[in-house]
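Worksheet for the structure shown next.
The values are calculated or read from the model by the stated rules, or taken from the named source; none is laboratory data. Remember, it's a predicted structure, so these values are computed and weren't measured experimentally. Glycine also receives a Cβ, built like all others from the backbone with ideal geometry; neighbour counts cover every protein chain displayed. Calculation scope for accessible area: heavy atoms of the full protein, side chains included, ligands and nucleic acids excluded. Shrake-Rupley method; radii C 1.70, N 1.55, O 1.52, S 1.80 Å.
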Amino acid sequence: MAGRASIPARNSALIAMIADELCPSVSYFVSCVLDTVVGFLMAGVGNVDIRRKTNYRIVDSKTTVRQIEDAFKEFSSRDDIAIILISQYVANMIRFLVDSYNKPVPAILEIPSKDHPYDPAHDSVLSRVKYLFSAESVSQR
Amino acid sequence: MAGAEEIEICEEGEESIEAEAKTERGDEKVLQFLDSLDGYLTLMDSLNSKLREGWFDLASARHSMGTLRINTTLLDLKDHSASSTLQVTDQEVESLGSVPRFALSKWASKGGSGKGKDFSTVADSEMGSPRSPQLRHRGFAEEKPSAKGETVLAADEDAEIKKERAKSLSVFGGLVSPKLRGAQLSFETALETLVEIANTRAAMLTAFERITKK
């Protein structure tokens with residue numbers, strides 16, 4: 001992780017979410033909309049400030065890649081957010097941005113969604129460390 | 001001559017001991033990294049299961065309560081603070097260096113009487129077992145509610161947490177399906193797992209940096 005400067009202590013930091021619920025067919029769409037976001041909101045992570053800014057973004061079929069990038073940049077630059085949960089499917093849309101992020105806090109965690117199970121091969125953290133297991137790194141030792 | 005040879009042999013001996021110690025330290029770093037990597041993958045698998053349970057319960061709740069009662073229009077957009085928050089501290093670990101540590105505080109009411117649960121995988125990895133539940137530090141585990149006053153306090157806190165849970169579900173109406181409550185508990189457990197994952201991720205990346213550092 002970059003940044004050997006000490007990590008500022010934070011109390012009452014938030015968990016942000018960027019989650020998708022893109023479903024293959026219209027008839028299934030209604031039932032699977034927003035389950036991940038709704039679930040975590042039921043667990044009490046939802047925060048809405050007086051300007052009606054939320055700590056979550058819902059990605060649907062109308063959300064553009066630019067909007068997702070803007071949401072990611074906004075959450076990753078906020079001081080009051082400690083963890084960003086992002087569906088791996090959404091993370092793949094902005095893979096370059098996610099992989100180039102290297103701050104320790106907020107921590108980016110890629111989570112599965114209902115229609116897209118977790119794939120370790122695409123996880124940005126595991127991609128960073130798999131270099132240790134590549135043939136090139138072995139030959140250099 | 002013999003003296004010079006002896007000195008040479010001693011120096012070679014010291015060098016080989018140093019080299020051996022250096023190799024051992026290197027091996028220790030690699031083992032710590034592999035431990036944290038294994039912990040990370042196991043936790044992700046556990047998260048997957050918990051989320052699937054939550055999604056299934058949510059789908060069951062939607063089936064019994066109806067789609068109109070569980071949809072986006074019900075999301076509370078009035079200003080409110082999160083009931084479950086995190087504390088982030090910078091922890092110095094002897095073998096891993098500076099590692100951010102995340103601790104979850106679930107259902108902390110505005111009165112500040114919420115319980116804090118601290119899932120420290122750094123301490124766990126020092127013991128060599130990132131997944132041993134008995135090594136987790138729980139914020140309220142040190143309390144010994146033997147006195148009546150303390151028992152009443154614990155009961156009050158439980159009541160407070162139940163109130164916060166019910167408030168969170170109130171957006172879906174007064175009477176909700178037990179499956180919805182079950183989904184809430186599944187996602188709460190998933191949240192705890194996510195905090196563990198965040199701690200393990202931090203330890204893993206720090207261990208990786210220490211291995212690749214020249």
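So between A:Asp80 and A:His116, what do we pick up on full extension, going 0.36 nm a residue minus the alpha carbon distance?
Full extension from A:Asp80 to A:His116 adds 10.1 nm.
So how do B:188-198, A:63-73 stack up, highest first, on mean other-Cβ count within 10 Å? Provide the component values of the computation, followed by the final result.
Working: B:188-198: 24.0, A:63-73: 15.1.
Peptide ranking by packing, descending: B:188-198, A:63-73.
In debye, nearest 20, what is the charge dipole magnitude of region A:12-113 about its Cα centre with +1 on Lys and Arg Cβ and -1 on Asp and Glu Cβ, if you could check?
Charge dipole, region A:12-113, about its Cα centre: 240 debye, nearest 20.
Based on C-alpha coordinates, I'd like the Rg and Dmax of region A:12-113, in Å.
Cα radius of gyration and Dmax of region A:12-113 are 13.3, 41 Å respectively.
So what is the relative contact order for region A:12-113, in percent, with contacts set as C-alpha pairs under 8 Å and at least six apart?
36 percent
How far apart, in nm, are the 7 Å Cα→Cβ label points at B:Lys162 and A:Arg128?
4.4 nm
Quick one: accessible surface of B:Ile17, probe radius 1.4 Å, all protein chains present, in square angstrom to the nearest 10.
Here the accessible area works out near 110 Å².
So which of A:Lys73/A:Lys103; A:Lys62/B:Lys179; A:Lys103/B:Lys106; B:Lys78/B:Lys167 end up more than 21 Å apart by C-alpha? Intermediate results must be reported in sequence, preceding the final value.
Details: A:Lys73/A:Lys103 12 Å; A:Lys62/B:Lys179 30 Å; A:Lys103/B:Lys106 25 Å; B:Lys78/B:Lys167 14 Å.
Checking Cα-Cα distances, A:Lys62/B:Lys179; A:Lys103/B:Lys106 exceed 21 Å.
Distance from the Cα centre of region B:165-198 to that of region A:42-97, in angstrom?
20 Å
Need one number: % antiparallel among DSSP beta bridges in region A:12-113, to the nearest 5.
5 percent
Where in region B:188-204 is the amide nitrogen less than 15 Å from a point lying 7 Å along the Cα-to-Cβ axis of B:Asn48?
Label zone hits: none.
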